[in-house]
Amino acid sequence: MVEVYTGPKKAAAIRWVPSAEEATVVQRFVGKVHIMDHAILQTSNWTEYGLHAYSVNSDPYDPAVDAKMKHNHRVYQEIVKSYGFDYADGLYMANLQELFNEALNVHNLEWTVDKALRFIVQEKDNPFFLYFSTTLHHGPVPWGIREGKYWSSFNADPKLTGEGVVDTAWDFKNRPFGEFTGGAIP
């Protein structure tokens, strides 16, 4: 069951409240988050939430900036879990622009799909609830072309994510599904 309640900062929020039947179901959240106190979306409030600030023009490849982004993602994970989810990963705290970094204002569907697929394979023999929310239906428009390239989607840097820079660049087109399933397609 999903309920509306007053969150920790006295703002209306939504959280997952499992029934007795659902209590044994693993609940995971992947993707864009809108179930939180919206005050977190103002950088002036970040310290109250334990978040580390960085400049909108910061380079995510700078190790100090990337460390802040990774720290913030871990904080986001704990916030989402506080709303009743067992696990949260591959998070974008609201829309892309709320990452407050120009370089990260790009869609990385592959990153979130990877997180979701790994969970599905892990829990394939158990009942589970997966909430998956993509960023693609919000700006920047994924079909936007700049200098002949889909700058915010297909041609964006695949290592830029909601947790900063990651080591993996995804290639689902050339990546067999068996990699996730141990060789067998479910």
- Item | At R0 = 35 Å, FRET efficiency that the Cβ-Cβ distance of SER55 and VAL121 yields, to 0.05 | 0.35
- The local net charge around ALA94, scoring Lys/Arg +1 and Asp/Glu -1 for residues other than ALA94 whose Cβ lies under 13 Å from its Cβ, equals -1
- For LEU41 and ARG146 in one chain, what is 0.36 nm times their gap in residues minus the Cα-Cα distance, to one decimal in nm? 35.0 nm
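Any read-out appearing in this document is the output of simple, stated calculations on the displayed coordinates, not a laboratory observation. Owing to the predicted nature of the structure, the values given are computational and were not obtained by experimental measurement. Cβ atoms come from the backbone with ideal geometry, glycine included; neighbour counts cover every protein chain shown.
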